[in-house]
Amino acid sequence: MKSSLNEEKALSTFSEDDKNQLLAILDDSAHHKTLRSELMMNVIPTKMNANEDQIQAALVHHVMQRLSRPTLLQREGIHLLGSLKPILDRIGQVQPVLEIYSHPTEYDKYSANLRSLGIIGDFLTAIDQRKTLVCPVNTGLADMKHAMCLYGFDEEDSTFIFKNSSSENTTIKVPLSSSQPKLGYHISFVRIAN
């Protein structure tokens with residue numbers, strides 16, 4: 001959300017002070033936990049007795065689609081998140097747009113096929129455009145994955161840097177050569193003209 005708000009499309013008419021006030025809401029230490037709960041309970045309700053890591057890996061794609069697309073009965077899921085309401089109210093009418101990116105090794109090999117499936121670029125392109133991606137990252141425990149934010153690339157050791165909010169080790173580096181994770185998701189916001 002934070003990188004989406006920094007994009008010119010969404011906040012082009014806002015002053016720096018207004019942008020900083022909106023971004024401060026997202027920087028609140030309690031915001032992540034609240035948002036995570038809202039996602040799990042409001043947007044994609046899940047079983048409470050299931051393994052959370054498996055749920056996250058299986059649902060990242062579906063959650064991102066639900067956040068950015070309406071259903072027959074409800075508008076886009078992003079508007080169901082109460083913790084984002086103060087931000088969305090101040091921005092005004094916006095349309096969430098789901099963007100999907102691929103791991104560079106996959107994109108290099110299969111770019112034409114991936115573009116035909118709606119994948120618009122690779123992780124490095126997203127990082128260059130200052131977009132944070134949500135990716136299902138292997139936690140190292142069997143086949144379990146956890147949703148993490150990709151926010152950088154360390155050129156010295158050719159690793160992607162992910163924010164891991166569910167561990168004492170708050171960052172995880174994944175080697176480029178691992179070809180993992182396969183996909184990353186970003187939601188941009190485009191103003192809707194009145």
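Some observations on this one:
- Odd one out for Asn51, checked against (1) polar (S, T, N, Q); (2) modelled with pLDDT under 85; (3) crowded, with 19+ Cβ neighbours inside 10 Å: (3)
- The helices (runs of 4 or more DSSP H) found wholly in region 59-162 and carrying at least 3 residues that are surrounded by 12 or more Cβ atoms within 10 Å (Cβ to Cβ) and without any contact (Cβ under 8 Å) to a residue 24 or more places away in the chain occupy 104-116.
- Any hit, region 142-163, residues being modelled with pLDDT of 90 or more, of a type in the set (A, V, I, L, M) and over 12 Å from the mean Cα position of the chain (by Cα): yes
- Residue within region 79-99 that is modelled with pLDDT under 90 and touching a Pro at 6+ places or on another chain (Cβ under 9 Å) present: yes
The values are calculated or read from the model by the stated rules, or taken from the named source; none is laboratory data. All figures in this text were calculated on a predicted structure; none of them were measured in a lab. As a convention, Cβ positions derive from the backbone with ideal geometry for all residues, glycine included, and neighbour counts pool all protein chains shown.
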